[in-house]
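Notes to accompany the following structure.
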Amino acid sequence: MLDVSLPDLNGLDLQKRIAKDRVDMPIIFITGHGDIPMSVEAMKAGAIEFLTKPFGGDALLSAIRNAIEHSHATLRREGETRALRSCYASLTYRELQVMELVVSGLLNKQIGEELGISEITVKAHRGKVMQKMKADSLAELVKMAVTLHLTSAPKI
């Protein structure tokens, strides 16, 4: 929880500093003299709530609950992304090549031609990619690639 008017520092500036290092830390602003542009700036910078004094205890408790839920969701997503990066890091160079071509929409035969390997070898590498990435389907593998910023959408 931050007050917009802090001694020696503006609460909005502190919010920006915190957001650089701690995206998982939700911020609730409390102020006795806020205005619409100030609240819009705080919300655009990621504040969960902007409460103007006087406010009720229910409003504060609700804001705190929402902030905790937001923090848990952010930490969970970060953990999933770390695990995904770890799986990706376990791939061999050839598996990385195959994965890139698979998620771009190429068929095994096309991948084989592109890499100069047989279709059977592509299938073997593709199977290892699916296993190491813990992907149950091609659609899931594509989602993983998008999450890892490897591709934006498959080529068609």
Completion exercise
Taking the dipole of the chain about the Cα centre (Lys, Arg +1; Asp, Glu -1; charges at Cβ), the one of 111, 56, 146 that reaches farthest to the positive side is 111
Practice task
Could you pull out the longest piece of the chain with no exposed loop trypsin sites (Lys or Arg not before Pro) in it, calling a site exposed if DSSP puts it outside H, G, I, E, B and it has at most 13 other Cβ atoms within 10 Å?
Solution key: 23-133
Exercise for the section: Determine how large the accessible area of residue 114 is when every protein chain is in place; take a 1.4 Å probe and give Å² rounded to the nearest 10. Expected result: 120
Problem - Filter on 109/132; 20/132; 16/132; 44/134; 20/128; 20/143 - keep pairs with C-alpha separation over 30 Å - result: 20/132; 16/132; 44/134; 20/128
Fill in the blank from the handout: To the nearest 20 debye, the stretch 50-156 has a Cα-centred charge dipole, built from +1 on Lys and Arg Cβ and -1 on Asp and Glu Cβ, of 160
Exercise for the section: Send over a whole-number figure in Å² for the accessible area per residue of the chain, probe 1.4 Å. Expected result: 64
Practice task
Express the carbon and sulfur contribution to the solvent-accessible surface of the stretch 13-156 as a percent, rounded to the nearest whole number, probe 1.4 angstrom.
Solution key: 57
Completion exercise
Taking Cα pairs closer than 8 Å and at least 6 residues apart, the relative contact order of the stretch 70-131 in percent is 31
Exercise for the section: Inverting the mean 1/r over all pairs of different Cα atoms, compute the Kirkwood radius of the stretch 2-156 and quote it in Å. Expected result: 18.9
Completion exercise
Over the chain, the sum of -39500 (n - 2.57) across DSSP H runs of at least four, divided by residue number and rounded to 500 deg cm²/dmol, gives at 222 nm -20000 deg cm²/dmol
Practice task
Any chance you could look up the accessible area of residue 113 with a 1.4 Å probe, heavy atoms only, rounded to 10 Å²?
Solution key: 130
Handout entry: Other-chain or far-sequence residues with amide H under 5 Å of residue 2's (modelled H)
Key = 28, 29, 30
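The values are calculated or read from the model by the stated rules, or taken from the named source; none is laboratory data. Keep in mind the model is a prediction, meaning the values are calculated, not measured. With ideal geometry, Cβ positions are generated from the backbone for all residues, glycine too; neighbour counts draw on all protein chains shown. Surface areas here come from the heavy atoms of the whole protein model, side chains and all, with no ligands, DNA or RNA. Shrake-Rupley method; radii C 1.70, N 1.55, O 1.52, S 1.80 Å.
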